[in-house]
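Written out below as structure tokens is the structure these notes cover.
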Amino acid sequence: MVLRGAGDKAFVAGTDIAQFQAFRTPDDALEYERRLDRVMDRLEAVAKPTIAALQGYAVGAGAAIALCCDLRYCTADLQFGVPIARTLGNCLSVANTARLRRTASQNRRPAVSTNRSPPPASFFACTNT
């Protein structure tokens, strides 16, 4: 199964953060994260091989989707990242953090980027075009 964006600007640009304005309690945010984890768990459990065809932006939830795939095929212009802690004040779930660590370590690259700009596609075990 191949997952790709509808155009050439992004694989998945992430969650529509406008929905967060409706959150009234901390439980609303926690339920959002639990729901996202359930969706990612289901994608990761697909019995057939999954391929993320990445180009443009793959950020936030889009990055999480890519991390669940068996293979990530990337263009050189890929911007891959999870800027949520800086922009929304939240963080990755434990499951998505584990996916990020596992994927980065598959390519034997350092698991942490100290640079403010997104790390290159090669950081995330991508096969570049």
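Considering only residues that are closer than 26 Å to C74 by Cβ, out of contact with any strand residue (DSSP E or B) (no Cβ under 8 Å at 6 or more places or on another chain) and surrounded by 15 or more Cβ atoms within 10 Å (Cβ to Cβ), which ones fall in segment 4-32?
Here is the first cut: in segment 4-32, the ones closer than 26 Å to C74 by Cβ are 4-17.
Next cut, out of contact with any strand residue (DSSP E or B) (no Cβ under 8 Å at 6 or more places or on another chain) only: 6-8, 15-17.
T15 - this is the single residue of segment 4-32 that is closer than 26 Å to C74 by Cβ, out of contact with any strand residue (DSSP E or B) (no Cβ under 8 Å at 6 or more places or on another chain) and surrounded by 15 or more Cβ atoms within 10 Å (Cβ to Cβ).
Anything in segment 51-93 that is under 18 Å from R34 (Cβ atoms), among the β-branched types (V, I, T) and at pLDDT below 80? List them, or say none.
Matches in segment 51-93: V82, I84.
Give all pairs with beta carbons closer than 7 Å in which a residue from segment 8-19 that is in contact (Cβ under 8 Å) with a residue 40 or more places away in the chain and of a type in the set (A, V, I, L, M, F, W, C) meets a residue that is assigned to a loop (DSSP other than H, G, I, E, B) and surrounded by 16 or more Cβ atoms within 10 Å (Cβ to Cβ); count only pairs at least 6 apart in sequence or on separate chains.
Here the result reads A10/G56; F11/G5; F11/Q55; F11/G56; V12/G5, each pair linking segment 8-19 to a residue that is assigned to a loop (DSSP other than H, G, I, E, B) and surrounded by 16 or more Cβ atoms within 10 Å (Cβ to Cβ).
Within segment 57-76, which residues are of a type outside the set (A, V, I, L, M, F, W, C) and under 14 Å from G5 (Cα atoms)?
The first filter runs over segment 57-76 and keeps only residues of a type outside the set (A, V, I, L, M, F, W, C), leaving 57, 60, 62, 70, 72-73, 75.
If the condition is that a residue be of a type outside the set (A, V, I, L, M, F, W, C) and under 14 Å from G5 (Cα atoms), then Y57, G62, R72, Y73, T75 are the ones that fit.
Step by step: first the residues of segment 45-72, then only those that are free of Cβ contacts under 8 Å to residues at least 40 places away in the same chain and farther than 15 Å from G14 by Cα, then the one that is surrounded by the fewest Cβ atoms within 10 Å (Cβ to Cβ). Which residue is that?
Going through the qualifying residues, I end up with A47.
The values are calculated or read from the model by the stated rules, or taken from the named source; none is laboratory data. What you see is a predicted model; the values in this text were computed from it and never measured. Glycine also receives a Cβ, built like all others from the backbone with ideal geometry; neighbour counts cover every protein chain displayed.
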